[in-house]
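The values are calculated or read from the model by the stated rules, or taken from the named source; none is laboratory data. These numbers were taken from a predicted model, which means no experiment stands behind them. Neighbour counts are summed over all protein chains in view; Cβ atoms, including those assigned to glycine, are modelled from backbone coordinates with ideal geometry. Only protein heavy atoms, including side chains, enter the accessible area calculation; ligands, DNA and RNA are left aside. Shrake-Rupley method; radii C 1.70, N 1.55, O 1.52, S 1.80 Å.
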Amino acid sequence: MKDNSIVINLDDIKNGTAEFKKIMLMYNSALKEIETKVNILSDEFQTLYKYNPIEHIKTRVKTPESIIKKMERKGMGVTYNNMVNYINDVAGIRIICSFLPDIYRIVEMFERSEDLKIIEKKDYIKTPKASGYSSFHLIVLVPVTFSNGTVDVKVEIQIRTIAMDFWASLEHKIKYKYENGVPKNISKELISCARMINKLDTKMSKLGEETMKQLTESMEKNEPEQINQIKLIEKLEKVLLMNSEGKKNEIR
Ligand code: 0O2
């Protein structure tokens, strides 16, 4: 396919071309939108359940060098068109969770979200990559409103546990040390470490579930008022949700 779009030139980017600045503003704004969403969710969990499944979040926009390298690696022309259409992780947010089941709770939250469109789901937890890498990835379109209209901006959301993050960070560091690829014995060891991480996550999740069960039981016994309050707030949320659904149907 012939690509007639504007070529990305590293020197131009370093000198700060208007196109590049505008595109990066789009990606940075989309990240701000998602970050706010995740922070609200985190506050809600903390307030309602006194339990927060989110340990921390990190956002980043890929460096121009890294964008260009990825396009070259994928064998595509280094153009703005290709970057916007085919590089899914120019803007990325990483959500680090405490326990394995928290990952799927957060995925469900994004699935329910009406202002985001999920365009791809990759479950590298059920099916880890050959390297041993494990995480849940969502590629989403985030609507961002500027003075002259709304643009849907692509963002990659990586959701993983603390243990998966530990493995991925160190593996990334090790990989970068070898220009000509990681030696076989080291990649074998890394796969074996990934398996250990998976076992550890499963064990810790069981402990987490057990602790939550015990805490809920003790709350039901000793603080029934608090449990009633939570139930009341959940009911209120449902009513608010039904009301907003009704309003939307009226508008339609
Ligand atoms: P970096 O340095 O994190 O920016 P696609 O994005 O779908 O067009 P891609 O890149 O093959 O194609 O998608 P994939 O495999 O889902 O990976 C996207 C990102 O996941 C990577 O971005 C990494 O951040 C992470 N990742 C994937 N595989 C591995 C792995 O084996 N080890 C580690 N540590 N991270 C991994 P980048 O751009 O490759 O890297």
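For the chain, the residue among N228, V90, L207 whose Cα projects farthest onto the positive side of the dipole built from Cβ charges is V90.
The distance between label points at L215 and R112 comes to 1.9 nm (points 7 Å beyond Cα on the Cα→Cβ vector).
Let me check against my output: what whole-number percent is the relative contact order of the range 102-175, with C-alpha pairs under 8 Å and at least 6 apart? In percent, rounded to a whole number, it is 25. Ordering 207-214, 135-142 by mean Cβ neighbour count within 10 Å, with the highest value first, yields 135-142, 207-214. Peptides 164-174, 40-50, 88-98 ranked from most to least packed give 88-98, 164-174, 40-50, packing being the mean of other C-beta atoms within 10 angstrom over each peptide's residues.
Taking 0.36 nm per residue of sequence separation and removing the Cα-Cα distance, the R105/I186 pair yields an extension gain of 25.8 nm.
Normalised by the number of residues in the chain, the average gap of Cα pairs under 8 Å and 6 or more apart makes the relative contact order 17 percent. Only one residue of I40, I68, L141 has its Cα farthest out toward the positive end of the dipole of the range 32-175, where Lys and Arg carry +1 and Asp and Glu -1 on Cβ, and that residue is I68. With all protein chains kept in place, the per residue accessible area of the chain amounts to 65 square angstrom at a probe of 1.4 angstrom. Per the 1.4 Å probe, what fraction of the accessible area of the chain, in percent, lies on carbon and sulfur atoms? Here carbon and sulfur together make up 55 percent of the probe-accessible area. Here the average projected area of the convex hull drawn through the C-alpha atoms of the range 90-195 stands at 8.3 nm².
By the Stokes-Einstein formula, at 1.567 mPa s and 4 °C, the chain with its Kirkwood radius over alpha-carbon pairs has D equal to 61 µm²/s.
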